[in-house]
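S.K.: Once you've had a glance at the structure underneath, I'll fire off some questions.
The values are calculated or read from the model by the stated rules, or taken from the named source; none is laboratory data. Note that this is a predicted model, so its numbers are computed, not measured. Every residue, glycine as well, gets a Cβ built from its backbone with ideal geometry; the counts of neighbours run over all protein chains shown.
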């Protein structure tokens, strides 16, 4: 049995995915306001309530887990931990590879819930959740990064990638969620990763929200 299929892990994931399904109900009253702010160029991600998950789908979670296991990832960095759903998938992979996960979360209440979920799943010993601005909390990584997962504020995808590029090993994978759902906000990241003179080779995978997959070719 894989670490991901452990009953404790599956119990937490099933519950949290079920809770995440209510995002639509919580966001419904704000849709017009958010759409208007995007059109006016005044949108910021703190317009979303702090109890909104904006979580990955289960199939994407299993894909993240598989990616980490397939490259024997020892250090996995996650930008945007939220309530810890994606973190659990990544930590389950780290359990099998002997690695660890470094997570980042701006909202303290979300980080607290994520920590509790990881403890319930029996994976907390594999994860270091750093609370605060990711450009500060992820500044010091004491080892080579094998996999980077981006799922926080979309306008920070480029700065976070640039911050961690020095730590990426040759062959590292960079995965970025919401390529379809936040296309305009993420376009600078897509352009950055597609530079002809850049070290990344990328493709967008057909998950519902759109997952950008990049391979890092160290210069």
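S.K.: Kindly check whether there is at least one residue in region 97-106 that is assigned to a helix (DSSP H, G or I) and at pLDDT 95 or above.
M.R.: yes
S.K.: Hey, any hits in region 189-204 for a residue that's under 15 Å from the mean Cα position of the chain (by Cα) and in a strand (DSSP E or B)? Give the steps one after another, and end with the answer.
M.R.: Within region 189-204, the first condition is being under 15 Å from the mean Cα position of the chain (by Cα), and the residues that meet it are 189.
With in a strand (DSSP E or B) added as a condition, the list becomes none.
Looking through region 189-204, none of the residues is under 15 Å from the mean Cα position of the chain (by Cα) and in a strand (DSSP E or B).
S.K.: Still on this structure, please answer the following. Answer yes if at least one residue in region 171-182 is free of Cβ contacts under 8 Å to residues at least 12 places away in the same chain and in contact with a helix residue (DSSP H, G or I) (Cβ under 9 Å, 6 or more places away or on another chain), and no otherwise.
M.R.: No: zero hits.
S.K.: Turning to a different aspect of this structure: Might you check whether a residue that is under 26 Å from residue 5 (Cβ atoms), touching a residue at least 60 places away in the same chain (Cβ under 8 Å) and surrounded by fewer than 22 Cβ atoms within 10 Å (Cβ to Cβ) occurs anywhere in region 153-167?
M.R.: No, region 153-167 contains no residue that is under 26 Å from residue 5 (Cβ atoms), touching a residue at least 60 places away in the same chain (Cβ under 8 Å) and surrounded by fewer than 22 Cβ atoms within 10 Å (Cβ to Cβ).
S.K.: Which of the residues spanning region 93-108 are under 13 Å from the mean Cα position of the chain (by Cα) and within 19 Å of residue 167 (Cα to Cα)?
M.R.: 101, 102, 103, 104
S.K.: Among 86, 70, which is modelled with pLDDT of 95 or more, over 15 Å from the mean Cα position of the chain (by Cα) and under 24 Å from residue 174 (Cβ atoms)? Even if it seems obvious, please write down each step before you answer.
M.R.: Numbers: 86 fails: over 15 Å from the mean Cα position of the chain (by Cα).
Checking each option against the conditions leaves just 70.
S.K.: Could you tell me how many of the residues in region 119-172 are within 14 Å of the chain's Cα centre (by Cα), in a helix (DSSP H, G or I) and within 18 Å of residue 91 (Cα to Cα)?
M.R.: Final tally of qualifying residues: 0.
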